[in-house]
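The values are calculated or read from the model by the stated rules, or taken from the named source; none is laboratory data. Only a predicted model underlies this, so the values are computations on that prediction, with no experimental measurement involved. Cβ coordinates were reconstructed from backbone atoms using ideal geometry, including for glycine residues, and neighbour counts include every protein chain displayed. Accessible surface areas use protein heavy atoms only, side chains included; no ligands, DNA or RNA. Shrake-Rupley method; radii C 1.70, N 1.55, O 1.52, S 1.80 Å.
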Amino acid sequence: MRTVHAADLLRLTADDPPRAGLAVVVAGDRVEAIVPTDELPGAYPGMRVRRWAGTLGPALVHDGPLPPAPTPRERVHALFRLGVAAVVEEHVADPALRAAAARNDVVVLPGVRPPALVTGGRADLAVFGPDGACLATVVAGRLVHRRA
């Protein structure tokens, strides 16, 4: 299944200046294309388009202890509320926490790497509002958090 994610602005990397007029086409768990939004109707007719207010970009990599919560699952879901789709392995050493991360498709990395949106890459996206709050998180192409 394909979904298009479009926002007011798009960043390809955390350091990339935000740009208007681009959207991300997601097929399954991968970024199929990054295209100008004005090309969507012709290139992707009838495609489901999720329009977000804010800045869309790559989901974050978390390098620190996971937020406290009563269960490992809730600790992982707390990451989604921050726009995170990957964690550094030293912070998920507990087997229950690592299992919760795996069940939720959170990538466990040996070290920090800069997040980026690339064609063919895993579809880990986040949308941030003007105040920096995470509005939505997509992990492996699946919407896992949306702020009400």
**OP:** Add +1 for every Lys or Arg and -1 for every Asp or Glu among the other residues with Cβ under 13 Å from the Cβ of VAL4, and state the total.
**Re:** +1
Subject >> Burial order of peptide ranges 118-128, 77-87 (average beta-carbon count within 10 Å, highest first) >> reply: 77-87, 118-128
Subject >> Rounded to the nearest 20 debye, dipole of segment 17-143 from Cβ charges on Lys, Arg, Asp, Glu >> reply: 260 debye
Original post:
Counting only residues 5 or more places away or on other chains, whose amide H sits under 5 Å from the amide H of ARG30 once H atoms are built in the peptide plane?
Top reply: ALA123
**OP:** Tally the DSSP beta bridges in the chain and give the antiparallel ones as a percent, rounded to 5.
**Re:** 65 percent
**OP:** Mind jotting down the distance between the C-alpha centroids of segment 93-107 and segment 23-81, whole Å?
**Re:** 19 Å
**OP:** Only Cα pairs under 8 Å and at least 6 apart count here; give the relative contact order of segment 29-148 as a rounded whole percent.
**Re:** 34 percent
**OP:** Could you look at the chain and say what percent of its accessible area is carbon and sulfur, using a 1.4 Å probe and all protein chains?
**Re:** 55 percent
Original post:
Considering only DSSP beta bridges with both partners in segment 1-79, what is the antiparallel share in %, to the nearest 5?
Top reply: 65 percent
Subject >> FRET efficiency estimate (nearest 0.05) - Cβ-Cβ, GLU90 to ALA33, R0 41 angstrom >> reply: 0.75
Original post:
Can you list the HN-Hα couplings for segment 79-85, worked out from phi with the Karplus curve (6.51, -1.76, 1.60; θ = phi - 60°), rounded to whole Hz and with x for Gly and Pro?
Top reply: 5, 4, 5, 9, x, 9, 10
Original post:
How big, in percent, is the set of alpha carbon pairs in the chain lying more than 21 Å apart?
Top reply: 40 percent
Original post:
Calculated from DSSP H runs of 4 or more alone, at -39500 (n - 2.57) each and per residue, what is the 222 nm mean residue ellipticity of the chain, nearest 500?
Top reply: -4000 deg cm²/dmol
